[in-house]
Amino acid sequence: MDMTRTAAAMLAFVLAAGVAGCEDADRDALAASRLSSTQPATAKSGETVTEVIAPVTTPPAAPRRTTLPKPARPSQPARSAAAPLLYAAAGGDGDSWKDRSGREYRLGLVNAPETGACFAAEATAKRRSLVRGGFLARTYVTDRYGRGVSLISLPDGRNLNLLLAQQGFVDDRYLAEFRHENEALARQLDSAFASAKAAKRGLWGACIDNKPQGFAAPPPAKPANGCHPDYATCIPVKGDGSGRGAANDLDCPDIGKLVQLRRIGVDPYRLDANSDGTGCESYG
């Protein structure tokens, strides 16, 4: 009985030692395998050893940020230099004046009352106040007096010809006769004059009763002596003597002498360019 127990104990010891030995062998094999992946294999004499090197995994490089150039802005058209403002000299009336260099301008297609006539002072004062800050002139023709007949603009862009017509400071005496010189301006003035007349603004209410062509008075009766009644100097009456149109008008070269007006501002032939009561002064 004791021998049986002893044999059983010995058998259990042997089995336990075997299991432990297997575990130690497995651990040694695993360690060797790991070592072989990092250490070069050593060949025994007569053996061929293939070295297995584990691949090295390089982490992917971070994507490089590429800064794209900003798109070029489309080129802007060069701004044209603004035309310099002109400045009015002292003097002049409601529709004509000189700048400080001596160049004279005439508002195109409108007519302000002559000096001494109804609403002349108001028209002159209004024109002077509006151009005090400067003006721009788009001259489209030169009249027989050497004045630049112009469309005048104010610094804020308003059209002075149109503005004075709308507010009743000028009339349409020459609109029909000279509209061919600037049809675009004439069409604008048609509406402006119609509005001012209907509302009796300015001179349309103060001076006249909406007669066509503004201040176009009936032609003067021809005097018995043939001299024009509006001039102290005897000059002939041409046509009806009204000064409207070439058939009824005279110029200084036609007269050839100094002319004295009877009343400043009453000058049908428009001989007195500076409104001092004397015309054709270059012949004096």
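The values are calculated or read from the model by the stated rules, or taken from the named source; none is laboratory data. Computed from a predicted model, the values in this text were never measured in an experiment. Here the Cβ is made from the backbone with ideal geometry for all residues, glycine too, and neighbour counts use every protein chain on show.
ARG179 meets the stated requirement of being in the same structural domain as GLY102 (by TED's automatic domain parsing), on the phi < 0 side of the Ramachandran plot and touching a helix residue (DSSP H, G or I) at 6+ places or on another chain (Cβ under 6 Å).
For SER242, the conditions (1) under 46 Å from the mean Cα position of the chain (by Cα); (2) among the polar types (S, T, N, Q); (3) at pLDDT 85 or above are fulfilled apart from (3).
Take ARG201 and tell me if it is in a loop (DSSP other than H, G, I, E, B), under 14 Å from PRO113 (Cβ atoms) and not β-branched (Val, Ile, Thr). No.
Can you tell me how many residues in the range 163-194 are touching a residue at least 24 places away in the same chain (Cβ under 8 Å) and in a helix (DSSP H, G or I)? Total meeting the criteria: 16. Inclusion of THR115 among residues that are at pLDDT below 95 and within 30 Å of VAL266 (Cβ to Cβ) is warranted.
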